[in-house]
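The values are calculated or read from the model by the stated rules, or taken from the named source; none is laboratory data. Everything quoted here is computed from the prediction, not taken from an experiment. Every residue, glycine among them, receives a Cβ derived from its backbone with ideal geometry; neighbour counts consider all protein chains shown.
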Amino acid sequence: EAQVTQNPRYLITVTGKKLTVTCSQNMNHEYMSWYRQDPGLGLRQIYYSMNVEVTDKGDVPEGYKVSRKEKRNFPLILESPSPNQTSLYFCASSPDGGSLGGYGYTFGSGTRLTVV
Amino acid sequence: SQQGEEDPQALSIQEGENATMNCSYKTSINNLQWYRQNSGRGLVHLILIRSNEREKHSGRLRVTLDTSKKSSSLLITASRAADTASYFCATVTGGFKTIFGAGTRLFVKA
């Protein structure tokens, strides 16, 4: 089944403790992206990647890191989480980032992160 | 920055009625997409309309795009209780950034 898999689904952590949220897709998509969703704000893009070793900042990159060493994986790293990073996080992928062939995104099921 | 802004924020209708949601945006786009989200789950892609298209249909969905007014509308005909969800528009620019609006919450009463 074609899918984007995020882990974990739920995570409670303490301020300052480094964490990684994993994202993997099995569709050979070039483009992957991370979003956070907060009430009343919709989804805001954190980082995106056009291909292996190619990443770029979205609208809210502060406090996050990403890497794209393999095409299928795009982990999100919080080096020193703070309470304002408590949010619902989504990973998404598409063949071309939506710009060229006009494909939509496939989303993961989300990771609900709480930083206390 | 928020590009797409949906209107209304919330909509409650009876089963069988049509639901219309609107989206406005600010900059030039390559395409505009609509997604559905059921209570905190992942978003599901519904339909994509390119900047050189004016109208598109998919089943009970009809999307229009007016680039001169920088606006789009999503019409769901003959709504069902299962259509209850949040609906988001997303604009894709030439820089491969995708910007989502805050969404419209649709409630379809059985």
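The table for this structure:
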{"item": "Selected residue (only one of B:G94, B:G42 is within 14 Å of chain A (Cβ to nearest Cβ), touching a strand residue (DSSP E or B) at 6+ places or on another chain (Cβ under 7 Å) and among the small types (G, A, S))", "result": "B:G42"}
{"item": "Any chance A:V115 is in contact (Cβ under 8 Å) with a residue 24 or more places away in the chain, in contact with a Pro (Cβ under 9 Å, 6 or more places away or on another chain), more than 12 Å from chain B (Cβ to nearest Cβ) and over 26 Å from A:E1 (Cβ atoms)", "result": "yes"}
{"item": "Long-range neighbours under 7 Å by Cβ, at least six apart or interchain, first residue within 11 Å of chain B (Cβ to nearest Cβ) and part of a strand (DSSP E or B) within the stretch A:84-96, second surrounded by fewer than 17 Cβ atoms within 10 Å (Cβ to Cβ) and not β-branched (V, I, T)", "result": "A:L88/A:R112; A:L88/B:G40"}
{"item": "Filtered residue count, the stretch A:53-83, keeping only those that are of a type outside the set (S, T, Y) and part of a strand (DSSP E or B)", "result": "9"}
{"item": "A:D59, sole failed condition from (1) within 12 Å of chain B (Cβ to nearest Cβ); (2) surrounded by fewer than 21 Cβ atoms within 10 Å (Cβ to Cβ); (3) under 17 Å from A:S94 (Cα atoms)", "result": "(3)"}
{"item": "Flag for B:D7 being away from chain A (no Cβ under 14 Å), under 27 Å from A:F90 (Cα atoms), acidic (D, E) and surrounded by 14 or more Cβ atoms within 10 Å (Cβ to Cβ)", "result": "no"}
{"item": "Hits in the stretch B:97-110 - residues which are at the interface with chain A (Cβ under 8 Å from one of its Cβ atoms), in a loop (DSSP other than H, G, I, E, B) and either at pLDDT 90 or above or closer than 15 Å to A:L41 by Cβ (or both)", "result": "B:G101, B:A102, B:G103"}
